[in-house]
Structures are given as structure tokens and as C-alpha cells.
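The values are calculated or read from the model by the stated rules, or taken from the named source; none is laboratory data. These figures come from a predicted structure and were not determined experimentally. Note that we place each Cβ from the backbone using ideal geometry, even for glycine, and neighbour counts take in every protein chain shown. To get the accessible areas, we keep the full protein, side chains included, count just its heavy atoms, and leave off ligands, DNA and RNA. Shrake-Rupley method; radii C 1.70, N 1.55, O 1.52, S 1.80 Å.
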Amino acid sequence: MAALGKIRKRGVTLIIIIGFALFAFIAEEAFRSCEAAGNEKRQQVGEVLGKKISVQEFQDLVDEYQEVIKMTQGRDNLSEEELNQVKDQVWNTFVSNTILADEAEKLGLTVTDTELQNIMKQGTNPMLMQSPFVNQQTGRFDASMLTKFLADYKAMQSNPQSAQMAEQYKKIYDYWKFIEKTLRQQTLAQKYQSLLTHCLLSNPVSAKMAFEAQNEESDIQLASIAYSTINDNKVTVSESDLKEKYEKTKAKYEQFVESRDIKYVDFQVVASAADRKALMATMVDAQKKLQEGANPAEVVRKAQSQIQYSGMAVSAKALPMDIKAKVDSMAVGQTTAPFETAMDNTLNVVKLVSKVSLPDSVEYRQIQVGAATVEAARKTADSIYNALKAGGDFEAIAKKYNQEGKSMWMTGAMYEGAQGIDADTKKFIETLVNSGAGEVKNVEFSQGNIIVQIVNRKAMTDKYVTAIVKHTIDFSKATYSAAYNKFSQFVSENQTLEAIEKNAAKYGFTVLERKNMVNSEHNVAGVRATREAMKWVFDSKKGDISPLYECGNNDHLLVVALTGVHPVGFRALEDVKDLVKQEVLRDKKYEMLQKKLAGAKNIAGAKAKGAQVTDVKQVTFAAPAFIPTIGASEPALSGVVAATKQGQFCNRVIKGNAGAYMVQVVKKTKRQGVKFDQKAVEAQLQQQAMQAAGLFMRELNMKAQVVDNRYLFF
């Protein structure tokens, strides 16, 4: 009881202590929850309709699409620009498919396995025609070839024969899964679009009206006064005018993605005069050594040329454009003086070592000879060679060594663009191109022999052996260091936009501006490798100045000032004031011209009030009338002309895009030789409806609450 009494005496204190403990516990859990949510957000590339996609998931999709491109185009890698296009395509596909799946689920639309099988049976879908399962005889997709491949792939999975073959099968299998997935997505989109299209029906009445709109032509007399005849200074535009117009046309200025405005200084570091002088000395030395007959390979290597010396004869098309332009007019043995190519920013020296006429295509067959030792391979190769020289059957002998001995073609394109051809490959190629048709050669390599027989030679072409010294006119470390120090000083001394704009010219820099940047762009100011700067732009506040960024190909220095932030929604009047002012000016100029032309009862009367009169022929309701004297298309005129009877004058002053008009309809005629075909016109209207329905994705996208964070990661 005594203990209970003590507890009661300290009741308030205990309640406070327990309250603090509970608060600390809850706060800790809340902090952990917020931290977890923050970490999750930092790993999200984006979100569509609440569906999130992580960095890894997005990268997997990019890798998948990359492999498809490499397989279908025979590429080893993609350029940075191409990879950016892939990322955009993958993102757009993810957004579209997520939205479409949501809509389809609401409507109960699906693509069944049976539908997919029917598409394969037809075998004409463009995606299927790009697959490896096209029957060369029928020119169509062959489902049986696919079935056999899938069975072979399954068998190989359980019992792989070779790592190389297993890898090749895996690539084809992954490619097929991509095709299958894409076919389902495409088919679902087609079904959804078809459903929308059938909501937009044509009928005989609309068909008749559309036909007449296209084929009733009017010749008119047009009285016009262009808005440009009134000087803007003679028109008074008040703030209230702008606000009123803005409120009426506000919907035109709605944006669905946040955008930002920046001003920036981008400085590109280039080679100094001293850098150029040092490089020129290297090029002159290379020129001199080539002229004196030094080993071309050694000269090219020591000069650190971008193009290695192979000693192989190649066609002119395999040479860089600037080098090709030189060798066409050079004599064998001639060496050029150093010359500059602005296109690739290089200095160049080229020596034409030799010029020969060789086949660009060679048909040959071969027998590869290997053994436990090189000596044994040489002995076997001699035996095969002697048998063939004695008239032996090539294919029969090849089969003795488990080879087919079938003929194949080698073209110049297969080797002429290669860099760093090894000695064995060079020997093999030169044997093929230098041997006559029917000749048999025993070619020795470091690890064995190959017996080749030349079957045919085609496309005799002039080919060149050239020694090329091509070197980028690059800046030195000292030049870059001096440029960096200067730019760094400029940035540190000017930490406001006002200061940057005031002092940039003193340092030799120029302040540039870019409006309405969006975060789906891949770089800032058109300079590559500016992802960190892009992140800064979209994480900063108006008025902030960025740190100094080293970017581009390690040759650009960049500083950015954030000058404006335009959130999702209606653009503020201040942002679009110039556009709104142009509309107000047009309205007021029309009112002035309307008063000027008021009371005109015919074209002559309008002319007397200052209008320019011209004849305009073949005006139809289906297309905007183009007015050559003003240089503008005027849809309003087409409507008025269609509603005015032949011979009548429309006494209303028509408001156009570029001027004010009055119209006299001189003649109305039907196009000759065109008959009304109700079914054909209804089909045309149906096609137009399909095109209109095709815009559904844009509308759905606007409502899908799309969050695009790619700029944080890619």
C-alpha cells in the first residue's frame, strides 16, 4: 500500500515520463519510415498511375532493347546519342503500356494466347518478319521453325554442348521473348484504338457534306488590309487588356510538365598557339621520316596516330573522307605536307605507299588443318595440298577432315574498316585477294595451316596502301589548367546572375539563355556529360548559381544560373506576356480596321476605304484559304465563303489571323469529273476518325500523373 501511495504521489511525473517515452518510440518509427520512403524514392526512375519503376528495372528494359537493336542491325555497340534514343523509347513504351493496361483492365480487354497464335499463323506481322524464323521459300514467318528452336533451346538448357552455342541460343530466345511481349502490347493497343474508332461513326449526311466541302470551289474578290499596316506604337495596350485576354485564353498556356529557365556560361577549352606549334612539329617530323623511307608502321606509331598502319591495300571508301580526297590525286611514294581538317579537328600527314587493282569480292573454300603440334599440322597440310594439286576433289578431301569445304565470299567491307589486324589475318586476306581463280594455297599460321582454293574473283577495284598520321588538335594540360583557373576565378568572384552578366565579357565569356528546359532532356546547353548539372537545375531554387562543372569530352567548363521555374499548370501571365500582347494587338488592330471598313457595301467601297483588292480562286471549305498578298492561311475566310451565295457580297468585316477582310463571291462551281461515292467518302471519314482516335494516348498521358525522374540516374 505504501508503494501504491508513493506511485500516486508521483503520478503526474510518471505520466510525463511515459508520454515522452511513447513519443520517442513513435518518432523513431516515423523517422525510420520516412528514411525508408526516401531511400525508395531515390531508387525510382519514375511513376505512372501509381506504378513505380526502379533504376534496376528500367536498366533491364534498356539492356533488353539494346540487345534487340544489336541483333537486328548487326551492331556491337551504340553511340551515346543512340543510347539516349533507346532510353527515351523504353520510357515512352513503359508509360504507354502502363496507361493502356490500366484502361484495358477497366474495359475487360485482353489478348489471349489463341489470338497470338493466330497472328503467328498468318505470319505477316512486321515484328515476326524481323525474327530468325522466316521461311526463305515462302517469305513468311514459320511457326514450326520457332517450335523446333524452342525445343532445341530447352534441350540445350539441360545439356549444354558448348558455352558459345548456349550463349547464341540464349540471345535468340531473349529476342523472341521480346517479340512476343511486344506483339501482345501492340495487339492490345490496336484493340483499344479500334474500340475508340467505332465510337466515331460516319453517316450519309456527313459524307455528303464532306464531299461538297471538298469539291465546291469558289472564285472570290477579296478586299484586305493587313494588320502589319498599323504600327504597334499606334496601339495602346493596358495591363487590364492583357489580364482580360489572358483569362479568356488561359487554356492555351497550360503545361503538363514542369519546365525551368536558365542562363549559363559555357566555355570550351581549345588548343593554344603553343599546343598547335608542338603538334605541328610532330607532324612535320613524321612527314620528313615518311619522305625519307622510314618504316611507315614505326612512324605512325611514334606519332600516336588515330589510324594504325596495317600495310593492307583498301579501297578509297574505307579511308576517312579527308584522306580519300587526297589519295585520289597522289602519286605512289608521295607524302603530303601537314594539313588541317576542320570537320574532325585534326592535323594530318598521308603517304601513298602503293596503289593496286584487286578484287573487292573473292569466292573461296578452305580446309583448316590442326594437330597436336604445329609440325604435325604442317605435315598434314602438305599432304592435303599435294593431293589437291594432283587433281583431288576439294569437298571430298575436306569431309575426310570433318569439314564441308563449301565455297564462301569475302568482301572488302568485311575487313577494310577493322583496326589492328593481326599478322595471321593479314596473311590470310592478302593470300585471297592476290591469288588467281583456281589457285590452291597452303597458308601457314602460328598455330596451324589453312588450305584455300580461290573459286572466283569479282569487282576489280583500285586499292591503296597508305600510311596515315591523323592527330586531334588537342589542348595540353597546361592550357586546360590555365583555362580552368580563369573560369574558376570568374565563378568564385561572381556569385549572382547580375554579377555574371555584368562581368562575363571582361573575362572573354558570353552569357547565354535557355528557356523551358524539361527534365527529360539528356544534357544542359547541348553539352554532353552534364547530368550533374541537369540534376542541379531541377533541384535548385530561382536565383541560385551552380558550382563549376567540368563536362563535355573533358573540354567544357560550365556555370548555370536558374532564372525561372514553371510548375505544372497554367503559365503565369508574366511568362506568356509577349504572346498575350500579340493577341491583344491583333484584336485592337482588327477593331481599328473594322471601323475603317464599316459601311462598305461592295468591293469597290472597301477599296475606297483603303483595302487592297485581289482575285482568289478555288477556295473550298475543306482547306484554309491562302492569301498570297498577305502570305497567310485564313480558315475564317473559307467558312464565310462557303456560307455566302454566288454573286453576293458579305458586308461583315472578317477577322483573320493576319488581316481584316471583305468578300465578294464571284462564282461557285463543282469540280469536274468527280462523282459522289457515299461508301468511299464514309471510309475516308472513318479513316480520319481513326487518326483522331490515335491521339488517345496523349490525352490519357496528361491524366496519368506521370513522374519522370530519369534525369537523376541517366
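Screening THR380, THR373, THR335 for residues that are modelled with pLDDT of 90 or more, out of contact with any Pro (no Cβ under 7 Å at 6 or more places or on another chain) and either surrounded by fewer than 19 Cβ atoms within 10 Å (Cβ to Cβ) or more than 15 Å from VAL452 (Cβ to Cβ) (or both) leaves exactly one candidate, THR335.
Of the set (1) without any contact (Cβ under 8 Å) to a residue 12 or more places away in the chain; (2) farther than 21 Å from ASP63 by Cβ, all apply to GLN168 but (2). Going through the stretch 315-365 one residue at a time, which ones are small (Gly, Ala, Ser) and either out of contact with any strand residue (DSSP E or B) (no Cβ under 8 Å at 6 or more places or on another chain) or part of a strand (DSSP E or B) (or both)? Hits for the stretch 315-365 are SER315, ALA318, ALA325, SER329, ALA342, SER354, SER357, SER361. When the residues of the stretch 84-110 are narrowed to those that are among the hydrophobic types (A, V, I, L, M, F, W, C) and within 23 Å of ILE172 (Cβ to Cβ), which ends up surrounded by the most Cβ atoms within 10 Å (Cβ to Cβ)? Result: VAL90. Taking the stretch 52-133 as the region of interest, the helices (runs of 4 or more DSSP H) fully inside it that hold 1 or more residues being of a type in the set (D, E, K, R) are 55-73, 80-107, 113-122. A single member of MET414, MET460 is closer than 23 Å to LYS324 by Cα, open to solvent by 50 Å² or more (accessible area, probe 1.4 Å), among the hydrophobic types (A, V, I, L, M, F, W, C) and without any contact (Cβ under 8 Å) to a residue 60 or more places away in the chain, and it is MET414.
Are any of the residues in the stretch 567-590 in a loop (DSSP other than H, G, I, E, B), among the hydroxyl-bearing types (Ser, Thr, Tyr) and open to solvent by less than 80 Å² (accessible area, probe 1.4 Å)? Within the stretch 567-590, not a single residue is in a loop (DSSP other than H, G, I, E, B), among the hydroxyl-bearing types (Ser, Thr, Tyr) and open to solvent by less than 80 Å² (accessible area, probe 1.4 Å). Contact map, the stretch 477-501: first residue open to solvent by 50 Å² or more (accessible area, probe 1.4 Å), second residue acidic (Asp, Glu), Cβ cut-off under 9 Å, separation 6 or more or different chains; pairs are ALA478/ASP275; TYR484/GLU550.
Filtered by the rule that a residue be within 26 Å of the chain's Cα centre (by Cα) and open to solvent by less than 30 Å² (accessible area, probe 1.4 Å), the stretch 252-264 gives GLN255, SER259, ARG260, ASP261, ILE262, TYR264. For the stretch 619-676, the set of residues classified as β-branched (Val, Ile, Thr) and over 23 Å from LYS208 (Cβ atoms) consists of ILE627, THR629, ILE630, VAL653, ILE654, VAL663, VAL666, listed by residue number. Once the stretch 647-675 is narrowed to residues that are in contact (Cβ under 8 Å) with a residue 24 or more places away in the chain and loosely packed, with under 14 Cβ neighbours inside 10 Å, the residue that is farthest from the chain's Cα centre (by Cα) is LYS667. Checking each residue in the stretch 156-187 for being open to solvent by 50 Å² or more (accessible area, probe 1.4 Å) and under 20 Å from GLY123 (Cβ atoms) picks out TYR173, LYS177, LYS181, ARG184, GLN185, GLN186. Check whether at least one residue in the stretch 246-267 is under 29 Å from ILE421 (Cα atoms), among the β-branched types (Val, Ile, Thr) and out of contact with any Asp or Glu (no Cβ under 8 Å at 6 or more places or on another chain), and report yes or no. No: zero hits. Answer yes or no: is there a residue in the stretch 520-535 that is under 30 Å from ALA325 (Cα atoms) and open to solvent by 50 Å² or more (accessible area, probe 1.4 Å). No, every residue in the stretch 520-535 fails to be under 30 Å from ALA325 (Cα atoms) and open to solvent by 50 Å² or more (accessible area, probe 1.4 Å).
Look at the stretch 74-96: where a residue is under 16 Å from ARG531 (Cα atoms) and a partner is among the β-branched types (Val, Ile, Thr), sitting 6+ places away or on another chain with Cβ atoms under 7 Å, you get LYS87/VAL62. Summed over the stretch 195-235, the residues that are touching a Gly at 6+ places or on another chain (Cβ under 9 Å), of a type in the set (A, V, I, L, M, F, W, C) and modelled with pLDDT under 85 give a count of 1. Test VAL681 against the criterion of being among the hydrophobic types (A, V, I, L, M, F, W, C), surrounded by 15 or more Cβ atoms within 10 Å (Cβ to Cβ) and in contact with a strand residue (DSSP E or B) (Cβ under 8 Å, 6 or more places away or on another chain), and give yes or no. Considered against the rule, which asks whether it is among the hydrophobic types (A, V, I, L, M, F, W, C), surrounded by 15 or more Cβ atoms within 10 Å (Cβ to Cβ) and in contact with a strand residue (DSSP E or B) (Cβ under 8 Å, 6 or more places away or on another chain), VAL681 comes out as no.
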